[in-house]
Amino acid sequence: MTQAKPEALVVEPPTTAANVYDQTSQTAVSPEATDIEAQKTAPADAPGADSGYDDEAGKSLGIAMFLLLVIGFAIGWIGGNTGLIFIIVPIVIASTITCGCCCASNLNIDPRVKRWATATLICLVLQLILTIIAVIIVMTGATMGDTTGATAGTGIVLLVVTQILYILAAIFAGIFTWGRKCGRSRGNA
């Protein structure tokens, strides 16, 4: 009995059209359309060409933040408790921009521009904390029957400081939105 040797198994790659995964269009295309280098924008014409960052990134979030701050400032002077909403929502927007999470994760914002959102966030958080402290001081003084006026004086000082922080937050939000080239030298702008 002679045993036959198994022959070497040679596998050739299939060349039929059914096995080729070419997803390109088979229509006639002009040579200019296939030249990718010719389609690229010239570096001097590209937006944000100096830094590689998108100058328009996050602008809509900045507009929303600025408008909420201006409306909240006006409502705060008219009266009403809805002003707290107009502090918390810009805090959320500014923190989203600053940390780059959620809807701001895909934004290519220059770190110098992000600093304005961070400044807005710091002003708003300080304002919220000082507002809570002022309310606690004034309420405590009112319930204890403070007749010296020290509680009212402290409340007024804290009110003035919180309003200054509110105005600074609106200015920083405005610079984040519309003043993106602030601080850049003329050669880089």
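Since every read-out is calculated from the coordinates, none of them should be taken as a lab result. Since the model is a prediction, treat every value here as computed from it, not as a measurement. In this analysis, Cβ positions are derived from the backbone assuming ideal geometry, glycine residues included, and neighbour counts consider all displayed protein chains.
Ordered by the count of other Cβ atoms within 10 Å of each Cβ, fewest first, 65, 139, 144 give 144, 139, 65. Sorted ascending by nearby beta carbons within 10 Å, beginning with the fewest, 136, 109 become 136, 109.
Residues in the stretch 93-100 carry Karplus couplings, in order, of 5, 5, 6, 5, 5, 5, 8, x Hz; the curve used is 6.51 cos²θ - 1.76 cosθ + 1.60 with θ = phi - 60°, and Gly or Pro positions show x. Sequentially through the stretch 130-137, phi angles give Karplus couplings (6.51, -1.76, 1.60; θ = phi - 60°) of 5, 5, 5, 4, 4, 4, 5, 5 Hz, Gly and Pro residues having no value and appearing as x. Taking other C-beta atoms within 10 angstrom as a stand-in for reagent exposure, 120, 162, 98 fall in the order 98, 162, 120, fewest first.
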